[in-house]
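All remarks here apply to the structure that follows.
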Amino acid sequence: MTEYVLAAIILSGLATWLIRVVPFILVKRFTLPAWLVEFLSFVPVAILTAIYVESLLTYRPGQWPGVNIANLLASLPTFLAAVISKNLLVIVIVGIASMAVIRLLGWA
Amino acid sequence: MDDELTWRSGFKDVLPTVFGYIGIGLAFGIIAKTSRFSVLAAVLMSLIVYGGSAQFVMVSMLAVHSPLGAVVLSSALINARMGLMSMTVAPLLQRESLFQNITAGSLLTDETFALTMNKLNHAGRTLHSSWLHAANLAAYLVWALATLVGAMAGQLIPDPDVLGLDFAVVAMFIGLLYLQVITDRTHPLVKQVGIAVFVAVLMVILMRFMAGNLAILAATVLGCLFGMAVSRHD
């Protein structure tokens, strides 16, 4: 491992750690204003939707994003499993199996 | 998921997310190795940077000898959304010691954050560091171990993509998003669905102009502002 790679790992790790930890230190010292508490109450649904939709799209610089057909197809049985089972382990296993079947059949 | 906030319960609740860490961790190890990184470098990246997409981007940038500053800036931007997640979790641990806050924050990920938000719906909107430490630690160790196996075995093990393992993490987000929307009582169902639709449309528009990781950050901020605006009219 070169010094360049090690430096990149340590500095990126430090930056990421600060991003993760500084909010905890600030919140411990100061009480958040009401508007920020309200703003943060929407973070779960907003960020989970954003992360999921990102996995359905492929970024193409200068163009509209493409659609990740495999992920979109595998989402359907997975969503059905969520509605029926409401159990995260079942949902994940159905998702993995759906994707394996889609690849096996050569659909995507 | 129950209302217990113990170590034991944390290990039990984190189990479904482990498949996602195994699939992506193996893939990361294999890609790092095939990009001529040593096993040690791959594992150190998983232990020190500990951020899925940031690590993949780092490997591709380091492989072409991008400037150090550009690599660090990219990782920071990709992980910027962690700040929003930390700020959302932090008030729940405000009464615990600074040490517990720092250790819990150090290992927070997309997955353990989402799991925590779901747990709140079952545990009367309270949290205890024991539960979060257990979930965080299990996720961290599985991630590092999967990276190690991926980097050591390299091409010897079957491509995790063929087995559908790469979809584990997407499936988990589908599950956590659905369970979040149907069980979170802090906002009415219709408002949560409205925000989800708004953010989804925004993602398509934003990804016309920026990479996915930045779009996630921008769409989340705008989605939360949208939620606040809608609440004003209630």
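Just a few scattered comments:
- Every listed requirement among (1) within 9 Å of chain A (Cβ to nearest Cβ); (2) outside any helix (DSSP H, G or I) is met by B:GLY124 save one, (1).
- The listed residue being open to solvent by 10 Å² or more (accessible area, probe 1.4 Å) and more than 29 Å from B:GLY194 (Cα to Cα), out of A:VAL5, A:VAL21: A:VAL5
- Matching residues, the stretch B:85-105, being within 18 Å of A:PHE42 (Cα to Cα) and open to solvent by 30 Å² or more (accessible area, probe 1.4 Å): B:MET87, B:PRO91, B:LEU92
- Residue in the stretch A:73-88 that is farthest from the chain's Cα centre (by Cα), counting only those that are open to solvent by 50 Å² or more (accessible area, probe 1.4 Å) and under 22 Å from B:LYS12 (Cβ atoms): A:ILE84
- Hey, A:ALA100 facing another protein chain (nearest Cβ under 7 Å), open to solvent by less than 10 Å² (accessible area, probe 1.4 Å) and either outside any helix (DSSP H, G or I) or not acidic (Asp, Glu) (or both) or not: no
- Selection within the stretch B:38-58 - buried (at least 24 other Cβ atoms within 10 Å of the Cβ) and more than 22 Å from the chain's Cα centre (by Cα): none
- Filter pass, B:LEU108 being facing chain A (nearest Cβ under 7 Å), outside any helix (DSSP H, G or I), touching a helix residue (DSSP H, G or I) at 6+ places or on another chain (Cβ under 6 Å) and open to solvent by less than 30 Å² (accessible area, probe 1.4 Å): yes
- Looking across the stretch A:49-65 at every residue that is more than 7 Å from chain B (Cβ to nearest Cβ) and touching a helix residue (DSSP H, G or I) at 6+ places or on another chain (Cβ under 9 Å), the one that is surrounded by the most Cβ atoms within 10 Å (Cβ to Cβ) is identified as A:LEU56.
- Only one entry of B:MET210, B:MET172 meets the criterion of being at the interface with another protein chain (Cβ under 7 Å from one of its Cβ atoms) and of a type outside the set (Asp, Glu), and that entry is B:MET172.
- Identification of helices (runs of 4 or more DSSP H) wholly contained in the stretch B:1-92 with 1 or more residues that are under 21 Å from A:VAL22 (Cβ atoms) and of a type outside the set (D, E, K, R) yields B:39-48, B:52-63, B:68-78, B:81-89.
The values are calculated or read from the model by the stated rules, or taken from the named source; none is laboratory data. From a predicted model like this one, the values you see are computed outputs, not experimental measurements. Cβ coordinates were reconstructed from backbone atoms using ideal geometry, including for glycine residues, and neighbour counts include every protein chain displayed. Heavy atoms of the whole protein, side chains included, go into the accessibility calculation; ligands, DNA and RNA do not. Shrake-Rupley method; radii C 1.70, N 1.55, O 1.52, S 1.80 Å.
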